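Enquirer: Take a look at the following structure, please.
Derivation of every value follows stated rules applied to the coordinates shown; laboratory data play no part. From a predicted model like this one, the values you see are computed outputs, not experimental measurements. No Cβ is skipped: glycine too gets one built from the backbone with ideal geometry, and neighbour counts run over all protein chains shown.
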Amino acid sequence: MLGRLKPAAMARLTERHRANLDPAAVAAEAGVDTQEAGKYFPDEDALLSALVLGSYRALADSTEAAAEAALAAGADPLRRWVAVWQGIREWAVAHPEEYVLLWGRPVPGYSAPPETMEAVARIVLAMVAVLRDAEKAGELTGDRPGEAPLTDGMSQNVDALAAGLLEGLPRSVMARMFVVWTQLHGMVGFEVNSHIMDIAPDPTAVFEYGAAAMGEYIGLRRPADG
């Protein structure tokens with residue numbers, strides 16, 4: 001049912017607000033029986049939650065597929081890291097409306113269902129797996145000489161990560177993850193919203209350069225062969 005309603009529903013969404021996502025109206029526009037649609041989605045929040053959860057899961061699937069392919073190919077940690085980022089970007093570029101639904105401005109008055117956190121965790125864990133494997137192999141740099149100590153505020157932020165998915169990683173790496181995560185979605189969002197085309201004739205090259213740079217920033221080593 002969601003697949004039949006999705007095109008019409010996505011057309012009614014914008015980055016800033018929900019624009020008449022009434023299930024009956026969406027069903028009529030999609031050519032679906034309104035009563036049948038109402039059994040699955042009794043109100044706007046139910047339909048929106050299905051869209052959000054489906055999009056998060058699809059993004060997580062793309063991320064994990066890219067991560068698994070790089071691992072199976074025997075890629076080094078930095079190349080695996082870049083592959084994870086590429087999996088996120090490729091899905092976002094192919095599904096810009098869905099990406100904006102997930103990572104654009106929140107829909108006023110709406111809270112996503114708890115199940116979305118599981119899908120988000122899958123995306124984060126794809127990156128964390130690379131970091132953990134690199135650490136085991138002695139290829140992850142934690143504290144760097146001359147690196148500024150964490151402020152009290154950043155220490156609190158790191159404490160929150162240390163109690164979750166990044167538990168056990170060096171605190172300096174966890175601190176860098178805040179920058180890395182926002183940089184990732186900044187780059188993807190910049191392209192999805194068609195801003196990169198104004199300054200870069202080859203957006204893919206920009207993204208790959210940024211992904212590798214963020215991999216090195218977080219502590220992964222560039223291999224000898226480049």
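Enquirer: With the cut-off at 25 Å, report for region 89-200 the share of all Cα pairs above it, as a whole percent.
Expert: 36
Enquirer: Do any GluC sites (Glu not before Pro) in region 63-169 lie in a DSSP loop with no more than 12 other beta carbon atoms within 10 Å, and if so, which?
Expert: Numbers: sites: E64, E68, E90, E97, E98, E115, E118, E135, E139, E147, E167; in loops: E139, E147, E167.
When the GluC sites (Glu not before Pro) of region 63-169 are filtered for loop state and at most 12 Cβ neighbours within 10 Å, E147, E167 remain.
Enquirer: Next question. Taking Cα centroids, how far is region 40-118 from region 198-218 in Å?
Expert: 20
Enquirer: Okay, moving on. Would you please give the residues with an amide H less than 5 Å from that of L220, counting only those at least 5 places away or on a separate chain, with H modeled from the backbone geometry?
Expert: HN-HN under 5 Å from L220: T141.
Enquirer: Using a 10 angstrom cutoff on alpha carbons, build the Gaussian network for the chain and name the most mobile of S49, S172, S155.
Expert: The residue with the greatest mean-square fluctuation here is S155.
Enquirer: If I take R0 = 35 Å and measure r between the Cβ atoms of R221 and S111 in this structure, what FRET efficiency does the formula 1/(1 + (r/R0)^6) give, to the nearest 0.05?
Expert: 0.30
Enquirer: When a footprinting reagent is the concern and you count Cβ atoms within 10 Å, what order do I88, I196 take, fewest first?
Expert: Taking fewest neighbouring Cβ atoms as first place, the list is I196, I88.
Enquirer: Continuing with this model, one more query. Working from the alpha-carbon coordinates of the chain, get Rg over Rh, Rh being the Kirkwood radius.
Expert: 1.03
Enquirer: Then there's this: How would you rank H195, H185, H95, going from fewest to most other Cβ atoms within 10 Å of each one's own Cβ?
Expert: H195, H185, H95
Enquirer: Something else: Any chance you could run the full-extension gain for R12 through D43? It's 0.36 nm times the residue separation minus the Cα-Cα distance, nm to one decimal.
Expert: 9.7 nm
Enquirer: If you don't mind, there's one more thing I want to ask. In nm, what is the difference between 0.36 nm times the number of residues separating A72 and A24 and their Cα-Cα distance?
Expert: Taking 0.36 nm per residue and subtracting the Cα distance, the gain is 12.7 nm.
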